[in-house]
Amino acid sequence: MRYTVRLNVDELMKAAIDKNLSTDTELAAAIGVSTTQVWRAKLPVNHPKHNSPGVAFIAGVMAVFGGPFDRFFFLQEVIRERIT
């Protein structure tokens, strides 16, 4: 089995509001990633432009908002279809 880290968008946005970060641009600057990275991580998983949060994104969120990790992120099994 393979897993990927997913973003809990609702919790991230609550924490951002608590820190008076009202736009994706402000949030991105605070956590040290691009606005595009924030936008893509917040998209639904089935959206073709969705990206799971990377190491810099995760580290930035944890540095700015603190933990616990599972407040902002969760693991999801990656299901791959077999190609025959």
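Remarks
- Pairs are defined by a Cβ separation below 6 Å, a sequence spacing of at least 6 or placement on different chains, a first member in the range 2-29 that is within 13 Å of F65 (Cα to Cα), and a second member that is in a loop (DSSP other than H, G, I, E, B) and of a type in the set (D, E, K, R); no pair meets this definition.
For every residue, the table says whether it meets (1) at pLDDT 95 or above; (2) small (G, A, S).
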{"residue": "E26", "(1), (2)": "yes, no"}
{"residue": "T35", "(1), (2)": "yes, no"}
{"residue": "A63", "(1), (2)": "yes, yes"}
{"residue": "F72", "(1), (2)": "yes, no"}
{"residue": "R80", "(1), (2)": "no, no"}
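The values are calculated or read from the model by the stated rules, or taken from the named source; none is laboratory data. What you are looking at is a predicted structure, and each value in this text was computed from that prediction instead of being measured. In this analysis, Cβ positions are derived from the backbone assuming ideal geometry, glycine residues included, and neighbour counts consider all displayed protein chains.
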